[in-house]
Amino acid sequence: DSIRGGKTADIDRAENYLNKAIIAALSGEAIDPSTTKPYGCGIKY
């Protein structure tokens, strides 16, 4: 999504990139944004 935080209050304001990308792909349109900056913590093992 478009908001990097984890607050539930931000859910209504966030743009769902996955849903938007699926709709664009199924309709033959370009996916925008085509890339996003990752966030969160890395998995260490």
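Between the Cα long axis of helix 17-26 and the first principal axis of the chain there is an angle of about 20°, rounded to the nearest 10. If you wrap the tightest convex hull around every Cα atom of the chain and split its volume per residue, you get 102 Å³.
A short reminder: the numbers here are calculations on the coordinates, not readings from a lab. On a predicted model such as this, the values are computed, not experimentally measured, just so you know.
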